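Here the structure comes first, spelled out in structure tokens, and everything after it is commentary.
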Amino acid sequence: MEMKFIITESKQEELIDKYLSKEYGGLKRGESKNHPDLVYFVRDADHNLTGNDIVFHYTKDNQGAVIPWEMVRDVEIFTGDEWDAKQLVKKWLKKTYGIDPVKLFRKF
């Protein structure tokens, strides 16, 4: 027997916001001296950074964010659709970190 849950859109967004904030909230913002259009977000900025310390980054010029793709995949569990999941991740990034990505890219 299959169980289905019906959830309102506002409740769905609240759950997604809570999840993303728990997993990716509280990051410290940094800017590159060599690349002024690059903004990066790290968990701990108190030591010399390596590429692995950067959780995600955003390029102002092309408005692209390079993120861990798990952000989209995990939100997709709530939405059932990758496009919807991307829109909700973009909305959360704008609300939480003040960046407004047009495009999301997979971090490798």
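Worth a mention:
- For volume of the Cα convex hull per residue in Å³, the value computed from the atomic coordinates appears in the list (1) 101; (2) 229; (3) 114 under label (3).
- Reachable lysines, given that their alpha-carbon falls under 26 Å from the alpha-carbon of K11 and they are not under 8 places away in the same chain: K22, K86, K90, K91, K94, K95, K103
Every number here is computed from the coordinates shown, using simple stated rules; none is lab data. What you are looking at is a predicted structure, and each value in this text was computed from that prediction instead of being measured.
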